[in-house]
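Student: The following block contains the structure, expressed as structure tokens.
Where a number appears in this text, it was derived from the coordinates with a stated rule and is not lab data. This is a predicted model, so every value here is computed, not measured. Positions of Cβ are backbone-derived with ideal geometry, glycine not excepted, and every protein chain shown enters the neighbour counts.
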Amino acid sequence: MVNTEILQAIQKECAEYNASLIAVSKNRPTADILALYDQGQRDFGENRVQELLPKSGVLPGDINWHLIGHLQKNKAKSVIPVATLIHSADSIALIELLDEWAVQSGRTIKILLQMHIAREENKYGFSGSEILQWLDEGGPALLKAVRICGLMGMATFTEDQNQIRKEFRQLRAFFDRVKREFWPDNKDFGVLSMGMSGDYKLALAEGSTMIRVGSALFS
Ligand SMILES: *Cc1c(COP(=O)(O)O)cnc(C)c1O
């Protein structure tokens, strides 16, 4: 079941911060997605390609699909025609592969670089130094069809609000640094995807431009 009051409240908060809301619909039936769609929600996030593809095939064509979970290389090709934005680009090899497939299919594909900001070891993503090194070497300039639109991160799963705030603040600072030092004129690079059901308010306060909210929307 969809909680439309909460949806409207979060949409309003996003508007106040000039941020956008991705409704995370993983593990939810298409009826729930349509209920949110009927309330005006158009951006939906899925974490698995195997779930995104069938849902996108049967749901309205004006939905923007976001891939937010780890992308296996053997699924990279199939997601390109469907995904509006891939939040979870987490290795240079994957980005280069997406570039090859996008060139072959005559498309461009928008991605975010997923940054590892949490204390947990098991989360995917780049370290800041890996990204800075890649930028220093001019790696992104070699890409023909991938457009790097910003960064994504997930905070540590903890009750400690100060820890979460610190991680979001560091990610925002890194985003600003990359923009300033490497891409001051890159109009694509403007998205900072951070914040989920439990921490989206903190994320907005710390400069998120895109939140990914799932469980809070459902009751
Ligand atoms: C599931 C998921 C979310 C949404 O999490 P909720 O706590 O349900 O809001 C956000 N981002 C990613 C990457 C996810 O996998």
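Student: Express the relative contact order of the range 125-219 as a whole percentage, based on alpha carbon pairs under 8 Å and six or more residues apart in sequence.
Tutor: Values: 99 pairs, mean separation 24.6, N = 95.
Value for the range 125-219: 26 percent.
Student: Let me ask you something else. Farthest toward the dipole's positive end in the chain, which of H87, Q39, S219, given Cβ charges of +1 (Lys, Arg) and -1 (Asp, Glu) about the Cα centre?
Tutor: Result: Q39, furthest along the dipole toward the positive end.
Student: In whole Hz, with x marking every Gly and Pro, tabulate ³J(HN,Hα) for the range 203-211 from phi via Karplus 6.51 cos²θ - 1.76 cosθ + 1.60, θ = phi - 60°.
Tutor: So the Karplus estimates, Gly and Pro as x, are 4, 4, 5, 9, x, 5, 10, 8, 10 Hz.
Student: If you don't mind, another one. Charges at C-beta only: +1 for Lys and Arg, -1 for Asp and Glu. How large is the resulting dipole of the chain about its Cα centre, in Debye rounded to 20? Numbers along the way, then the final one.
Tutor: Values: 25 positive and 27 negative charges, 55 e Å.
Computed about the Cα centre, the dipole is about 260 debye.
Student: The chain: percent of C-alpha pairs farther apart than 26 Å?
Tutor: Working: 7979 of 23871 pairs.
Roughly 33 percent, rounded to a whole number.
Student: Right, here's the next one. Which shape class applies to the range 158-219: rounded if a/c is under 1.5, otherwise prolate when a/b exceeds b/c and oblate if not, where a ≥ b ≥ c are the square roots of the Cα gyration tensor eigenvalues? Before the final figure, lay out the partial values.
Tutor: Details: a/c = 4.12, a/b = 1.69, b/c = 2.43.
Taking the square roots of the gyration eigenvalues as a ≥ b ≥ c, the range 158-219 is oblate.
Student: Something else: Pull up all non-local amide H partners of S20: gap of 5 or more, or a different chain, and H-to-H distance under 5 Å with H placed in the peptide plane.
Tutor: Close amide H contacts, sequence-distant or interchain: M210, I211.
Student: Taking θ as phi - 60°, what are the ³J(HN,Hα) couplings along the range 32-43 by the Karplus curve (6.51, -1.76, 1.60), each to the nearest whole Hz, with x for Gly and Pro?
Tutor: Those phi angles translate into 5, 5, 5, 5, 6, 4, 5, 8, x, 6, 10, 9 Hz.
Student: List, in the order given, every pair from K73/K166; K12/K110; K110/K187; K166/K201 whose Cα-Cα distance in the structure shown is over 21 Å.
Tutor: Numbers: K73/K166 32 Å; K12/K110 26 Å; K110/K187 13 Å; K166/K201 14 Å.
The answer is K73/K166; K12/K110.
Student: Please report the orientation-averaged projected area of the range 25-117, defined via the convex hull of its C-alpha atoms, in nm².
Tutor: Numbers: hull surface 24.9 nm².
Averaged projected area of the range 25-117's Cα convex hull equals 6.2 nm².
Student: Compare the peptides 167-179, 54-66, 115-127, 207-219 by average per-residue count of other Cβ atoms within 10 angstrom and give them in order, highest first. Write out the running numbers ahead of the final one.
Tutor: Values: 167-179: 18.2, 54-66: 14.2, 115-127: 16.0, 207-219: 20.2.
Top of the packing list down: 207-219, 167-179, 115-127, 54-66.
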